[in-house]
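Notes for the one structure printed next.
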Amino acid sequence: MILSEIADNLSLEIKTEGVDLGREVTGGYVSDLISDVIGNAHEGFIWVTFQVHLNIVAAASLKNLAGIILVRNRIPDEETLKRASEEKIPIMVTPLPAFEVVGRLYDLGLRCQ
Amino acid sequence: MISNTEGTFFLTGKDFVNAGKASSRLKKVLENLGLPPGIIRRASIAAFEAEMNTSIYAVAGIMHYYITPETIRVEIKDMGPGIEDIALALTEGYSTAPDYIREMGFGSGMGLPNIKKNTDSLTITSAVGEGTTLDFVINLTGTSEGAEHDTERNC
Amino acid sequence: MTLHEITSMLGAVLLSGTDDLDIIVEQAYCADLMSDVLYCSVSNSLLITHLTNAQVIRTAHIADLKAVVFCEDKKPDAVTINLAEKKGIPLLLTGLSMFDACGLLYEKGLRGCLILKTNDLEY
Ligand SMILES: Nc1ncnc2c1ncn2[C@@H]1O[C@H](COP(=O)(O)OP(=O)(O)OP(=O)(O)O)[C@@H](O)[C@H]1O
Ligand SMILES: [Mg+2]
């Protein structure tokens, strides 16, 4: 499944410009702890979180994640969005809480293990 | 009829095993008074967020509660760095918490907004380098469970 | 959904808190930031988290949550378990990732704490 299909399916609002939405998503991860994501998420995963600290971009970039979904309409600051655009990390926003987002991604066939 | 009840808890900074204990005890007090669950939940959440802030940012503090038939009033006063810009601190998402606090499950910048959401009045006074005092009130009359504060609905 | 059903779906073990697995949880909330839980979760719901410190139990107690699920076989220490015991909060431990645990529970019909703001998505 590619990122743009997921974005359409969940009506995600794309917050970053010039990012690759044609990328294949290989799995999903949900966590608000940056160290946990660095330790356990895998390349190509989509990351669901309420965390907006600037370090989310560095973590996603380090692990070569496919993108970040921010839940509950969480708004990252300008600096985070700018860095995400530079690092080509798609950031998408939804009003849904994490449990609902994960449920829908799971329905679409994404897994973590 | 609720009789006037008051009490004080001492709060210690950076003691993360016990942080939250005072709010837990306050919750017990409110339960013993037989207040409605929605009111108890709102007061406990507000007290807990304030107590966590004292624990994270300050050296020590005091929580004082005063309950009458009309209101629950809680004052949390700390000795700590103080807040320079209170309006900014009240903004959703604003946080100066360090990395290790974020890894402990705090520092999302939702604490003060949550206190505001759950209380009928909130006053914050602060002096940089001295400390911060939060004073909040929850009304027990009029709105029975606090309609516009229904924590179950307005997130 | 009962705790009993949740336990068997997640292949979880019960660490503390109750003999009564017929307790019903109405909704679920998945998060590692406790102020987010306190802001948005509703009473009687299930918390699913990575964190295992005492603050998780305090948060569950303050917000009237029904039970807590720890993921990825991250077992809380004795202090946390004792506190949960004292507060009567059932703790479950599963080897599943938080993503798969939430996905499975969703698939079986559990839903996230409701957002009822008019401009939000319906669900
Ligand atoms: N008692 C205090 N003393 C000094 N600074 C404080 C105090 N309480 C809050 N602040 C400041 O206000 C900011 C916002 O506080 P708030 O409780 O809303 O969020 P947080 O504590 O950063 O994160 P969260 O509450 O979501 O875990 C804090 O990051 C801190 O800078
Ligand atoms: Mg706080």
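Worth a mention:
- The antiparallel fraction among DSSP beta bridges confined to the range A:1-111 stands at about 20%.
- The C:E107 and B:E130 beta-carbon pair, evaluated with R₀ = 51 Å, returns a calculated FRET efficiency of approximately 0.45.
- Shielding value for A:35-42 is 3, the average number of Cβ atoms from other chains within 10 Å of each residue's Cβ.
- Legend: mean number of C-beta atoms from other chains within 10 angstrom of residue C-beta atoms, peptide C:91-99, equals 5.
- Whole-number D in µm²/s for the protein assembly as shown (Stokes-Einstein; Kirkwood sum over Cα pairs; 4 °C, 1.567 mPa s): 61
- Chain C: angle of helix C:78-87 to the longest principal axis, Cα-based, in degrees nearest 10: 70
- Loss of accessible area when A meets C, both sides summed, Å² nearest 100, probe 1.4 Å: 2600
- Rg [Å, one decimal], Dmax [Å, integer] - the range A:3-107, C-alpha atoms: 11.9, 33
- Accessible surface of the range C:3-120 [probe 1.4 Å, protein heavy atoms]: carbon and sulfur percent: 48
- Across the range C:61-74, computed HN-Hα scalar couplings (Karplus, 6.51 cos²θ - 1.76 cosθ + 1.60, θ = phi - 60°) run 5, 4, 8, 6, 7, 7, 6, 10, 10, 9, 10, 6, 6, 7 Hz from first to last residue, x flagging Gly and Pro.
- GluC sites (Glu not before Pro), loop per DSSP, at most 14 other Cβ atoms within 10 Å - longest free stretch of chain A: A:44-113
- When a 1.4 Å probe is rolled over the protein heavy atoms, the share of accessible surface on the range B:1-87 that falls to carbon and sulfur comes to 56 percent.
- Accessible area in square angstrom per residue, the protein assembly as shown, 1.4 angstrom probe: 40
- For chain C, average projected area of the Cα convex hull in nm²: 6.9
- C:K87 paired with A:S35, simple spin-label distance in nm, labels 7 Å along Cα-to-beta-carbon: 2.2
- Computed helical MRE - 222 nm, chain A, DSSP H runs ≥ 4 contributing -39500 (n - 2.57), nearest 500: -10000 deg cm²/dmol
The values are calculated or read from the model by the stated rules, or taken from the named source; none is laboratory data. Given the structure is predicted, the values throughout are model-derived calculations rather than measurements. Cβ coordinates were reconstructed from backbone atoms using ideal geometry, including for glycine residues, and neighbour counts include every protein chain displayed. Remember, those area values only see protein heavy atoms, side chains included, never the ligands or the DNA or RNA. Shrake-Rupley method; radii C 1.70, N 1.55, O 1.52, S 1.80 Å.
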